[in-house]
1. Taking other Cβ within 10 Å of each residue's Cβ, how do ARG169, ARG38 sort, fewest first?
2. Would you calculate the separation in nanometres between label points at ALA65 and ARG165, each defined as 7 Å from the Cα along the Cα-to-beta-carbon direction?
3. Apply the Karplus parameterisation 6.51 cos²θ - 1.76 cosθ + 1.60, with θ equal to phi minus 60°, to every residue of the range 155-161 and state each ³J(HN,Hα) to the nearest whole Hz, in sequence, with x for glycine and proline.
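Please treat every number below as a calculation from the coordinates, not as lab data. Worth saying up front: this structure is predicted, and the values here are computed from it rather than measured. Cβ placement follows ideal geometry from the backbone for every residue including glycine, while neighbour counts extend to all protein chains displayed.
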Amino acid sequence: MSHPTPDTRSARKLVWASDEVIGRIAQQVQPEVSLPRRTVLAATTAFVFTWPPAFIVFAATTIAAPSVTDDASLGTAALWALQFAILIAIGAAVTTLGRGAAKLDTAGSDMPTGGILRRVVTHVLLTCLSACLVLAPQGLSVSQIALLTVVLLVVLHLLPVIVARLLQRLRRHRQASLSDPVP
C-alpha cells in the first residue's frame with residue numbers, strides 16, 4: 001500500500017499569523033503564571049540573589065574594618081544578611097502583588113525609561129530601608145549604617161549593571177569579529 005506524496009510544486013504562499021493568533025498559541029504553549037506563583041517566585045529569587053552578596057558585604061566589612069560593624073562576629077554578619085534578605089524578599093513580594101495583574105516584563109525591553117527609573121528608585125529605597133531596619137537595632141551609629149548601606153547599594157545594584165554592560169560589550173565585540181571577513 002503506497003501513501004500519496006504531497007504535491008511539491010504547489011504555488012502556495014507563506015502566510016504570517018497575526019499577533020492575536022501568535023498570542024493565543026503562546027498562551028496555550030506557555031500559560032500565564034498566576035499572581036500567587038509570581039509572588040512566591042519573586043520573593044524566592046530576591047532572597048537567593050540578596051543573601052550571599054549581603055553576607056559577603058557584612059563579613060568582609062567585619063573582617064576588614066571591624067570598627068564599622070562594632071566588632072561583630074561572622075555569625076552576626078550572617079544573621080544580619082539573613083534578616084536583610086528576608087526584608088528584601090518581602091519587599092519583592094509586596095511589589096509583585098502591587099503590580100497585580102500586570103504581565104511579567106521580558107527583560108525590561110518594552111519598559112519605558114520612566115518605568116525603569118521608578119523601579120531603580122524603588123529598589124534603592126527598599127535597600128536603604130531594609131539596611132536601616134536591620135542595622136539600627138544593633139546599636140550601630142548613623143555613619144556606620146550609612147557606610148554599610150552604600151556598600152550594599154554598590155554590590156547589589158551598581159556592580160550587576162557594570163558586569164551586564166561589560167558582558168554585553170564583549171558579546172557585541174565577539175559578534176563583530178566573527179562577522180568581519182578575514183583577509
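1. Fewest to most other Cβ atoms nearby, the residues stand as ARG169, ARG38.
2. Once both label points are built, they end up 2.4 nm from each other.
3. 6, 8, 10, 7, 4, x, 5
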